[in-house]
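Visitor: Below you'll find the structure I mean.
The values are calculated or read from the model by the stated rules, or taken from the named source; none is laboratory data. Everything quoted here is computed from the prediction, not taken from an experiment. Positions of Cβ are generated from backbone atoms using ideal geometry, with glycine treated the same way; all protein chains shown enter the neighbour counts. The protein model used for the area step is the full one, side chains on, heavy atoms only, and it has no ligands, DNA or RNA in it. Shrake-Rupley method; radii C 1.70, N 1.55, O 1.52, S 1.80 Å.
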Amino acid sequence: MIGSIDPGSVTIEVAVANRRVQTVRIESTRPTTVARLFVGRPADDIPALAERLFSLCGRSHRLAAGRAAAAALDRPVGQARRTADAMGLAAERIAETLRGTVLGDATPNAGIAPDVVMLLREALSAARTLMMHGLSDGKNGNVHAPVLVARLAEAMRGLGVPPASPNLAPDPHTPIGRLLQEAEGETAFLARTPDMLTEADDRDVVEALREQGESFAAAPVLPGRVAETGAYAKHWQSTAMAATALAARLHARLYEMAESLDLLQTAVTAGVPPEADPVHSEKTGPGEGFAALESPRGRLYHWLKAGPDRQISAYAILAPTEWNFHPRGPLVEALVGAEIGTGEEARRRVSRLVGVFDPCVSFDVRVQEAANA
């Protein structure tokens, strides 16, 4: 029996001279060989195994694995399945984004007011139940989805996520409203136009995975690109009201959550299923297929090859963190040249920026004076 894997951690080492970042070094102990665990197993077992292995974004991994297998084995995916998948993904995006935004790098009960903990637990409970429902057969069964969505929406409002609108402005007295006010005062980092990873890149990414395997999955690069994925990459054009880069990234998270809630409300309250399939999946050769989807932290890829006996002979996984925390990636671009100060002040500023990039694992920030300072 295989349980969840050790997710590893990320270390960001920043060298400062004259209060500005000179160099950034990123070291990761995230596992890059986990896809080997799928080889030799029946394709039908892979989705459940993927969910067990990945404690964060487990439903996204399950869905990507299942759709990659369906593409490889020429299995059709009906509208009910696509609707259920869209609901499951929306619910997981809310749960993971909300938890990461409210808690940051704190433990669930450390420094968090009891009423905030209660609201967060209510939201996560409703979202996780919807997540399971969304990944079942698309029927309500014993789950009364409209009630769950209403519970989720109420808890989200209490925490500071306003309804979807052109101008998302959270109540400043809510936990997220207060976080946003603090972020507006952090002027160390400049807002940047992200190089968004999109569905148009999927074929190039998958071809690199097929050819390079684990080396590409550990440090992906597209020629001439500094690709970023996640909420900010998708919603940056809607964050013009934000005064700082940190605030813009928090606003993007609000858009991500509000958009996902709107999808759930439309599907279960108005009875209108999502028009678009949330997963891009294709057959790439005999017994080969891939799936790509927008997980809570960005674009996630699974690719597999199965033999005539439907046993997995090759597998590759590329997670969003490997793009955003690439040694020459968007986090490094955002840090180099920024005036962050020194000592604990500098470490705190970098930590806040790393937090909104959301590495999905624990991280450690180390700041030191550059040798030539």
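Visitor: Can you find a residue that is of a type outside the set (Gly, Ala, Ser), at pLDDT 95 or above and open to solvent by less than 20 Å² (accessible area, probe 1.4 Å) anywhere in the stretch 24-34?
Guide: No, the conditions are met nowhere in the stretch 24-34.
Visitor: Of all residues being surrounded by 24 or more Cβ atoms within 10 Å (Cβ to Cβ) and outside any strand (DSSP E or B) in the stretch 283-307, which is nearest to the chain's Cα centre (by Cα)? Just the residue, please.
Guide: In this case the residue turns out to be 297.
Visitor: Given (1) assigned to a loop (DSSP other than H, G, I, E, B); (2) open to solvent by 60 Å² or more (accessible area, probe 1.4 Å); (3) modelled with pLDDT of 90 or more, where does residue 240 come up short, assuming only one miss?
Guide: Among (1) assigned to a loop (DSSP other than H, G, I, E, B); (2) open to solvent by 60 Å² or more (accessible area, probe 1.4 Å); (3) modelled with pLDDT of 90 or more, residue 240 violates only (3).
Visitor: Moving on. Counting only residues that are in a helix (DSSP H, G or I), out of contact with any strand residue (DSSP E or B) (no Cβ under 8 Å at 6 or more places or on another chain), open to solvent by 20 Å² or more (accessible area, probe 1.4 Å) and not hydrophobic (A, V, I, L, M, F, W, C), how many does the stretch 154-200 have?
Guide: Of the residues in the stretch 154-200, 8 are in a helix (DSSP H, G or I), out of contact with any strand residue (DSSP E or B) (no Cβ under 8 Å at 6 or more places or on another chain), open to solvent by 20 Å² or more (accessible area, probe 1.4 Å) and not hydrophobic (A, V, I, L, M, F, W, C).
Visitor: I would also like to ask the following. How many residues, within the stretch 343-365, are open to solvent by 60 Å² or more (accessible area, probe 1.4 Å) and over 18 Å from residue 324 (Cα atoms)?
Guide: Matching residues across the stretch 343-365 total 4.
Visitor: Being modelled with pLDDT of 95 or more and either in contact with a Leu (Cβ under 7 Å, 6 or more places away or on another chain) or of a type outside the set (Asp, Glu) (or both) is the requirement here; does residue 60 meet it?
Guide: Yes: the conditions hold for residue 60.
Visitor: I would also like to ask the following. If I filter the stretch 243-282 down to residues being more than 19 Å from residue 63 (Cβ to Cβ) and hydroxyl-bearing (Ser, Thr, Tyr), which single residue comes out as surrounded by the most Cβ atoms within 10 Å (Cβ to Cβ)?
Guide: It comes out as 255.
Visitor: If you don't mind, there's one more thing I want to ask. Kindly indicate whether residue 121 is of a type in the set (Lys, Arg), at pLDDT below 95 and within 21 Å of residue 296 (Cα to Cα).
Guide: No, not satisfied.
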